[in-house]
Structures are given as C-alpha cells and as structure tokens.
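As structure tokens, the structure follows; a few thoughts come after it.
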Amino acid sequence: MATLSLGAASILWAVNKSNDVSAERQLRMTERSIRAVVQELAQQQEMVAIWDDAIVELGKSPMDLTWVDANIGVWLSRTFGQDEVYILNDRNEPINAVIDATRVSNHEFERVREGIGDLVAGIRGISNSLHKDHAVAGAEAPYLITGRAVHDAHLLELLGRPAAVSVMKIVPESDAVPYPHDREFLLVGIRYLDGNFIKQISERNLIEGLRFSVVDNPKNGEISVPIRSDVGDLIGYFVWRPELPGNRLLKAVGPATALAAAIILLLLGVLVRRLKKSMSALERTVLELKASEAQAHHLAFHDVLTGLPNRALFEDRLNHAIARRQDGERIAVMMLDIDRFKHVNDTLGHPAGDSLIRDFAARLSKLVGGDDTITRLGGDEFAIVQVCTAGMEQPEALCERILAMVHEPYDIMGNQIFVGTSIGLVLAPDAGTDRSELLRKADIALYRAKTEGRNCYRIFTPEMGETVTLRRIIEEELRIALATGEGLEVAYQPQIAVGSDVIVGVEALARWRHPTRGYIPPSQFIPVAEQTGLIVQLGEWILRQACLASQRWPDVFVSVNLSPIQFRSCDFADHVISIVRECGVDPRRIELEVTESVLLDEECGTADALRTLRIAGFRIALDDFGTGYSSLGYLHRFEVDKIKIDRSFIQSLGQGTKAAAVIKAIVSLGHAMSLTVTAEGVETEIQKSFLHAAGCNEMQGYLFSKALTQEQFTRLLMHSSSKEIQCYVGGSSAFRAG
Ligand code: C2E
Ligand code: CA
Ligand code: CA
C-alpha cells in the first residue's frame with residue numbers, strides 16, 4: 001500500500017516538474033522571437049538605407065516610383081514581410097507609403113504618425129553625436145564606416161496592436177553623393193506582432209494555439225505572458241496552451257497504475273506470484289518517473305542553445321566508450337564546424353547565427369544513432385562520438401550523410417542561407433585510445449578538410465601530423481618558384497555561351513609543377529600562399545601572364561581569380577589597373593573573380609576598390625556562389641556583373657537534393673538583377689540540358705574542356721565550333737586536375 005501511495009505521489013510530482021520545464025522553454029522561445037524581430041527589421045532596412053542610388057533617386061523630382069517600388073518600400077515589404085514601410089523627407093512628411101507590399105496614398109502615414117513620433121524625433125536628435133563616432137577623421141563629409149546606419153528600433157503599441165518599429169536614416173555609402181546633413185530621408189519599417197507573425201512563431205517554435213489578446217483572459221489550461229512596450233506600457237498578452245508532456249505521461253500511465261492496484265487488491269494473498277510481477281512493473285514506472293526528475297537536473301549538462309550534451313558530458317561519454325570498448329569495436333570521433341559561419345554572424349547578426357546553429361544541431365541529431373553522442377564544443381564547432389560494432393553503419397557513411405544533409409538551404413529569419421561543413425574524423429584504437437589525443441587528431445583532420453576545399457571529410461592519418469612541416473616546405477619552395485619563375489604556369493579553361501556552344505571566355509588558373517615533388521594542386525598551395533602573404537606576388541604574376549596571353553585571343557574575355565587577401569593592401573585597385581595598362585590590354589576584356597568574403601569584408605575600403613575597378617572597365621564575377629553566405633537579397637547592394645554558381649550545386653543535380661530548385665532560384669534572381677549567370681563544373685550532357693532550360697547564360701566544365709596550356713587553347717579557338725570543342729578535348733592531354 002505504501003508503495004502505491006509513494007508511486008502516486010511521485011507520478012504527480014514528476015508530471016508537474018516536466019510541465020514546468022516545457023512551459024518555461026516555450027516562454028523563452030517566444031520572448032526570443034519577439035526580440036529578434038526588432039533586430040531583423042533594422043537589418044533588412046540596412047540593405048537599402050546605406051546607398052548612394054537611393055539618395056539620388058529619392059531626390060529626383062518627380063520621383064521615379066517604379067524604381068522606389070522595386071528597390072525600397074514594396075521590395076522590403078514583399079521580400080521580408082514588413083507590414084508597413086514609409087519614406088519621410090527632411091520635414092518628416094511622407095513621400096512614399098506601402099502597406100502589405102502595395103503602394104498606398106501617403107496619407108496613410110497619418111494613422112501611425114503619432115505612435116512613432118517619439119522615435120522619429122529621437123533619431124533626428126541623436127544623429128549628430130552618432131556621426132561624430134563613426135566619421136572618418138579629417139574627412140569633409142562624414143560617412144559611416146561601420147556599415148551600420150543611424151537607426152532606432154523599438155517595440156511599441158500602434159493602433160492598439162503590438163508592433164516592432166524601426167526608423168533608419170538613408171545615408172550615402174560613398175563620397176560620390178554629398179552627405180545630406182540633418183536633411184536625411186527616413187525609412188520607417190513596421191511589423192505587427194499579431195496576425196501573421198504569431199502564426200510564424202507558433203509554427204517555428206511548435207507552440208500550439210498562440211494568440212494575441214488585449215485583455216488577460218487565458219482559458220482553462222492556457223497561460224499568458226504580458227507584452228510591454230519599450231517604455232513599459234502594457235500592450236497586451238500572448239496567450240497559448242503550453243505543451244504539457246507531464247499530462248501526456250499521466251494519461252499513459254494512469255490507467256495502467258489503477259489497473260495494477262485493482263489486481264493487487266483482488267488477488268492479494270492468493271496470487272502472490274502475479275502480485276510480485278505487477279509490483280515490479282509498478283516500480284519500473286516509478287523509476288521512469290524519477291528519471292524525468294533527473295532530466296530537469298540534466299539541464300546542467302546540456303548546451304542551452306541547442307539542447308545537446310555539453311563538453312563535460314561529451315568527454316565523460318567518450319571516456320566511457322573508450323573504457324568499455326570490446327575487441328573488434330572501433331570508436332569514431334568526428335569534429336566539425338560550419339563553413340563560413342562567421343559571415344552569417346557578421347552580416348545577419350547574432351540572432352541569425354544562433355538560429356543557424358540550432359537548425360544545424362537539429363539536423364545532426366536526426367542523423368546519428370541513439371547510442372552516439374553529439375556535443376557543441378562552442379561557437380559553431382561540434383563533435384560526435386560513435387561506437388561502431390560489426391555490421392553497423394561505418395563512420396565514413398555517416399560523414400557522407402552529414403555532408404549531403406547540411407547542404408540543403410536553411411531558412412534563417414526569412415533569408416535562404418547555404419552553408420557547408422568540414423569534418424575531421426579519427427578512429428580509435430587505430431589512432432590511439434587517449435581521449436585528448438583523439439580530440440587533437442580529429443582537430444588536425446578537420447583542419448585538413450578545411451584546407452582541402454571545405455565541404456568534405458578527412459580521416460586522420462599519421463602523415464597529417466607532419467602537415468605543419470609540409471606547409472613550411474611549400475612556403476619556402478613557393479618563394480623560390482616566384483623568384484625564379486620555375487615550375488609556375490597558368491592554365492586556361494574555356495567558358496561557353498549556352499545555346500551556341502561558342503567559346504566566349506577563358507578562366508586563368510594557377511598551376512605549379514614542382515621539379516621534384518611533381519604537380520601540386522592549387523587547393524594545396526593557394527591556402528599557404530594566402531596564409532603567408534605570397535598570394536599578393538603570385539596573384540600579380542598570374543594577372544600579368546593572363547593579360548599577355550589575352551592579346552592572342554582578342555575575341556574572348558579572360559577571367560582572373562583574386563584572393564580576399566590581395567584586397568587588403570590599400571592601393572590594390574590602382575595596382576591592378578596599372579598592370580593591365582602596362583600590358584596594353586583593355587580592362588573591359590578582363591573579368592575579375594571574387595568570392596563573397598571579398599564583398600562582405602568591411603575593412604580597408606574593399607567596396608571602394610571594387611567600385612574603382614568596375615569604373616575602370618573590369619567586369620566583376622562572384623565566384624563559388626552558393627557556398628558562402630549567399631543571401632540572395634544581399635546581392636542587390638553590390639556591384640557585380642556575373643554570378644558563377646558553385647560546382648557543388650551542379651554536381652548535386654539529380655541526387656534527390658534541392659539543387660535543381662536552388663539553381664533555378666539563383667538564375668531568376670540573377671536575371672532580375674541583370675546579371676550574367678554562369679554554371680561551373682558542368683560534366684554531363686544531362687547537367688548541360690538542365691542548365692540550358694534553367695536559363696544559365698554561360699557554362700564551364702570538363703564536359704567542354706579541362707584547363708589547357710596557352711598553345712592548346714589557341715589551337716582550340718582556331719578550330720572552334722560546337723562539334724570540334726568536344727572532339728578536341730576528348731583527345732587532348734590537358735593539364736592535370738583541370
Ligand atoms: P575556382 O576558381 O572555382 O576554379 C574552378 C576549379 O574547378 C578549377 O580547379 C577547375 O579546374 C575546376 N573545374 C573546372 N571544371 C570542372 C569540372 O567539370 N569538374 C570538376 N570537378 N572540377 C572542375 P583548380 O584549378 O584546381 O583550382 C581550384 C581553386 O584554386 C580555384 O577554384 C580557385 O579558388 C583557386 N585558384 C586557382 N588559381 C588561382 C589563382 O590564380 N588565384 C587565386 N587567388 N586562386 C586560384
Ligand atoms: Ca574561379
Ligand atoms: Ca568557382
């Protein structure tokens with residue numbers, strides 16, 4: 001009897017505890033979503049508010065409304081779901097008004113004028129002090145160097161509804177447009193936090209029946225949270241029915257317990273053996289419920305952001321796995337991180353970074369087995385320990401599945417983001433059985449995966465331990481090669497116009513044939529050149545070679561890869577211009593390939609350098625598009641002429657991924673912005689016809705040709721016609737590795 005009462009009490013206690021933990025979690029998620037939306041508004045506005053063109057267009061009389069719709073108000077509303085967008089002139093009068101992605105009469109602004117009056121007044125007031133902080137010393141017209149516009153964003157009540165409002169000044173991005181001191185246009189963005197917004201967070205955070213209410217009237221079983229404006233006024237309440245896992249548990253075990261009790265009473269003394277059996281079932285139930293108490297304590301061993309085991313727990317599990325390892329069993333330790341995570345964080349803000357980490361963790365969790373442990377080591381670094389008994393999935397297969405799954409786009413605060421991952425894998429006992437030694441080796445393998453092009457996994461081998469020395473050797477010998485010119489060459493890979501198969505361009509690619517070590521691929525020496533700064537000299541040499549070669553091919557453009565490191569020297573653009581002039585080449589025939597990291601680098605006038613180069617006539621191509629930050633909306637702000645879709649997308653075509661949809665989206669967005677779209681790494685006829693149908697303009701890949709020597713390419717051009725490209729390349733001894 002005593003056991004029965006104890007059982008019932010424990011059940012009720014555990015039910016409550018489990019309910020509390022869950023409601024608390026939902027509360028935190030809701031609060032976080034609300035805070036994030038205010039920041040998101042400001043980030044969205046930044047895309048258009050620091051922009052020379054915006055100032056020029058808004059200043060025109062009459063204003064070109066089609067332009068304003070396509071680039072500011074209607075665009076913000078349609079792309080990001082901002083409910084209302086207004087542009088105010090220097091007298092705070094509305095000159096453009098948009099509600100639900102439709103331009104409306106400017107009078108509509110009067111509905112909200114009073115509600116946001118303080119914000120508008122505030123931003124006009126704070127402007128001067130902020131300018132001083134951000135201004136470049138000595139510059140005549142202060143301009144913002146941080147990329148953050150002067151803005152103010154708040155949570156407040158508008159028309160009886162809770163709303164996030166952000167007001168931002170529209171300011172120039174360069175000296176080309178004079179800074180309109182105290183006469184700035186203001187951009188106002190409003191997002192109501194009821195209606196659609198509620199639907200979104202309730203779906204995103206799996207919160208059932210979330211609604212907004214002006215009065216505090218939760219029904220039975222619902223809870224409510226007050227929402228206050230930034231000045232503390234009560235706006236209303238978010239009300240929802242919390243997930244009550246404890247109640248579900250009670251429903252499940254309650255009847256069983258009652259039945260057990262009845263049986264006990266009925267058969268007491270008569271069916272002793274049966275009684276014993278029932279009792280043990282009941283004890284198990286009690287034990288299980290105790291475990292859910294332990295679950296609450298477990299929070300201490302888990303990462304708050306992802307809910308994954310934290311490092312302490314992970315190391316403990318790894319120790320156990322090593323200690324309990326049976327003969328023939330292997331233990332795999334994987335270390336992985338998100339490629340180019342920093343860009344997401346730097347450009348979309350920390351809430352976006354957090355959200356990416358959570359999604360990434362959730363995807364990983366779905367892939368690993370119940371006995372495996374995943375942890376977040378910190379930042380964007382994760383580790384997995386997997387015990388592999390005979391007949392189980394091998395760690396290599398798990399790595400492959402992780403790579404494929406990570407590649408699917410992420411939907412982060414309304415942006416489509418593509419990231420990759422690099423994985424370092426180490427196996428015990430092959431590589432030792434010491435915990436910290438295994439982690440160190442997994443880290444070395446991870447480093448190797450990253451230097452070998454990212455988005456791949458590498459298994460630790462003892463020679464990797466020597467990598468550090470190898471890097472030093474490469475550095476020394478590259479220095480010598482650059483000084484003597486021995487072994488360095490440039491290879492040329494044709495680029496073909498879609499439809500006609502005519503060669504329209506050629507990409508210059510660095511090649512290094514070492515006198516004793518043989519062919520060293522760019523994936524090995526370019527990273528070393530970047531780490532040591534030798535890339536500056538190497539890049540210059542390649543540019544010069546490519547310019548000289550281009551004189552032999554007057555009908556095609558030549559594209560040259562530029563490393564982000566090269567942009568760090570402040571007179572880089574002038575230097576490029578003078579090299580091309582010295583070679584007597586028209587810059588309009590040279591295309592410069594840069595990666596997104598160059599566009600997003602806010603230091604040392606990178607944006608200025610790009611603009612200078614473009615004004616000088618060079619075309620700018622965005623290389624490896626899709627592998628980095630790649631928010632499509634972001635493109636809008638940069639001056640590029642072409643995007644090159646990364647070959648990993650082309651190669652994932654037909655493999656059950658979303659590659660086809662992503663490629664189509666990139667092409668249509670690229671065309672909407674009047675950009676040329678090139679596909680890289682085209683290897684098969686099937687890929688070619690898909691890309692043709694999708695509307696790509698140019699293609700490059702082994703299907704047409706590998707990279708060739710200057711002579712081979714010259715001959716190819718001479719014979720060039722669609723059929724001959726194929727024949728020629730089929731029989732050529734092109735450069736190794738393309
Ligand atoms: P990238 O700029 O994306 O160059 C294209 C790479 O894809 C080249 O590799 C090319 O040979 C390879 N490729 C072309 N078609 C195909 C195909 O159909 N299938 C496959 N699987 N691959 C194909 P490569 O020459 O090994 O260069 C690798 C990377 O090294 C380049 O990628 C670029 O990031 C860097 N690199 C090469 N030359 C230079 C250079 O002169 N300067 C700088 N900064 N980086 C360079
Ligand atoms: Ca390239
Ligand atoms: Ca590329």
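Bear in mind that the values in this text are calculations on the coordinates, not laboratory data. As the structure is a prediction and not an experimental result, all values here were calculated from the model. With ideal geometry, Cβ positions are generated from the backbone for all residues, glycine too; neighbour counts draw on all protein chains shown.
Structural remarks
- Listed residue pairs exceeding 19 Å between alpha carbons, taken from LYS642/LYS664; LYS644/LYS706; LYS664/LYS688; LYS366/LYS664: LYS366/LYS664
- Pairwise inverse Cα distances across the range 311-459, averaged and inverted, put the Kirkwood hydrodynamic radius at 15.6 Å.
- Förster radius 25 Å - calculated FRET efficiency between VAL225 and HIS350 (Cβ-Cβ, nearest 0.05): 0.60
- Treating r as the C-beta distance of GLU393 and GLN416 and R0 as 30 Å, the FRET efficiency rounds to 0.45.
- The alpha-carbon of LYS658 sits under 16 angstrom from the alpha-carbons of these aspartates and glutamates, leaving out residues fewer than 8 places away in its chain: GLU408, ASP411, ASP646.
- A straight Cα-to-Cα reach below 16 Å connects LYS219 with the aspartates and glutamates GLU208, GLU243, residues fewer than 8 places away in its own chain not being considered.
- Each of the peptides 554-563, 307-316 was scored by the mean count of other Cβ atoms within 10 Å over its residues; in descending order, highest first, they stand as 554-563, 307-316.
- Most tightly packed first, judged by the mean number of other beta-carbon atoms within 10 Å of their residues, the peptides 346-352, 317-323, 639-645 read 639-645, 346-352, 317-323.
- Given R0 = 60 Å, the distance between the Cβ atoms of THR461 and ALA660 translates into a calculated FRET efficiency of 0.95.
- Cross-link reach list, aspartates and glutamates versus LYS169, counting only Cα pairs under 13 Å and skipping chain neighbours closer than eight places: GLU46, ASP52, ASP90, ASP152, ASP182, GLU184
- Linear extension gain, ASP216 paired with SER689, 0.36 nm per residue minus alpha-carbon span: 164.3 nm
- Sorted on the mean count of surrounding Cβ atoms within 10 Å across their residues, most packed first, peptides 117-123, 44-50 read 44-50, 117-123.
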